[in-house]
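In what follows, a structure is listed as structure tokens, so that the remarks can point back to it.
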Amino acid sequence: PARTQYHPGVAKAWVQVPANGAITTSASNSYNVASVTDVGTGDRTVVVDTDFSNTTYCALASAGDDTYLHLRTADYATGSWNFKVYKDGSVVDKLCASAAFGDQ
């Protein structure tokens, strides 16, 4: 991502994560993502190819096809972030997407 890494308004990494945890990264479902670790039910860690320059970047996650879902992004490292999907207070597996914006 040579030029992209310096552009302030572009996602520096993004990935679509299937609910079943059978995660593969390819051009059709990710950008600048080396891997996604299925840590447990509804708990995923995204590892990027090109690290961020610091841990003050913004990672977002979204999940669809259900009501009353909420997501939490956390554990920011220069080369990865984590997100969890919750429904009614319990962690659940859902189709999700996650993206990150910041300096690389």
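The values are calculated or read from the model by the stated rules, or taken from the named source; none is laboratory data. Predicted model only: the values in this text are computed from it and were never measured. No Cβ is skipped: glycine too gets one built from the backbone with ideal geometry, and neighbour counts run over all protein chains shown. With ligands, DNA and RNA removed, areas are computed over all heavy atoms of the protein, side chains included. Shrake-Rupley method; radii C 1.70, N 1.55, O 1.52, S 1.80 Å.
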Label model pair ALA77, ALA97: point-to-point distance (7 angstrom along the Cα→beta-carbon line) in nm is 2.7
Amide H neighbours of VAL92 at under 5 Å, excluding residues fewer than 5 places away on the same chain, with H built from the backbone geometry, are VAL85, TYR86, LYS87
Pseudo-spin-label distance ASP88 to ASP51, built 7 Å along Cα→Cβ, given in nm, is 4.3
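Could you work out what % of the accessible surface of segment 49-104 is carbon and sulfur, using a 1.4 angstrom probe and leaving DNA, RNA and ligands out of the count? Intermediate values should be presented prior to the final figure.
Numbers: 1460 of 2950 Å².
Solvent-exposed carbon and sulfur of segment 49-104 make up 49 percent of the total.
Per 0.36 nm of contour for each residue apart, how much would the distance between SER35 and VAL10 grow if the chain were fully extended, relative to their Cα-Cα spacing? Each step should come with its number before you reach the end.
Values: separation 25, 0.36 × 25 = 9.00 nm, distance 2.02 nm.
7.0 nm is the gain from fully extending SER35 to VAL10.
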